[in-house]
Amino acid sequence: MHTLKVIAGGFILLAVCLLIGRLAGGPSAEGVAGAAKVFIPLWLLLAGVNLWIGVTRAGYTVAEEAPIFLVVFALPAAAALLLVWWLSRA
């Protein structure tokens, strides 16, 4: 259940980044695409913090937590990359 909440948090953060990109970049697609590009390293950092908390506080090993980290990071990051690709075609 925690993993789903963290993934949902990633999608919410992506939406916030896209909104900020839209407000800062105006009506062009470059602002939104740039915001999606900024989201990816930010989400990598936050997903890494989630991994660290799982290892240090929840008692999981890195080997147990690494696959969860990959899923937590990959789903919102893939959505952001798909959005960047789609906006670059427009």
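The values are calculated or read from the model by the stated rules, or taken from the named source; none is laboratory data. Computed from a predicted structure; not experimentally measured. Quick reminder, even Gly has a Cβ in these numbers, built from the backbone with ideal geometry, and neighbours come from all protein chains shown.
Brief remarks follow.
- Number of residues in segment 55-79 that are at pLDDT below 95 and either of a type in the set (A, V, I, L, M, F, W, C) or buried (at least 17 other Cβ atoms within 10 Å of the Cβ) (or both) equals 1.
- Single unsatisfied condition, Gly21 versus (1) closer than 17 Å to Ala8 by Cα; (2) of a type in the set (Gly, Ala, Ser); (3) modelled with pLDDT under 95: (1)
- Being in contact (Cβ under 8 Å) with a residue 24 or more places away in the chain and within 13 Å of the chain's Cα centre (by Cα) holds for only one residue in Val16, Val6, and it is Val6.
- The residues listed here are Leu14, Leu87; of these, the one that is touching a Pro at 6+ places or on another chain (Cβ under 7 Å) and crowded, with 16+ Cβ neighbours inside 10 Å is Leu14.
- Filtered residues of segment 27-52 (kept if crowded, with 17+ Cβ neighbours inside 10 Å, more than 13 Å from Pro76 (Cβ to Cβ) and not hydrophobic (A, V, I, L, M, F, W, C)): Gly31, Gly34
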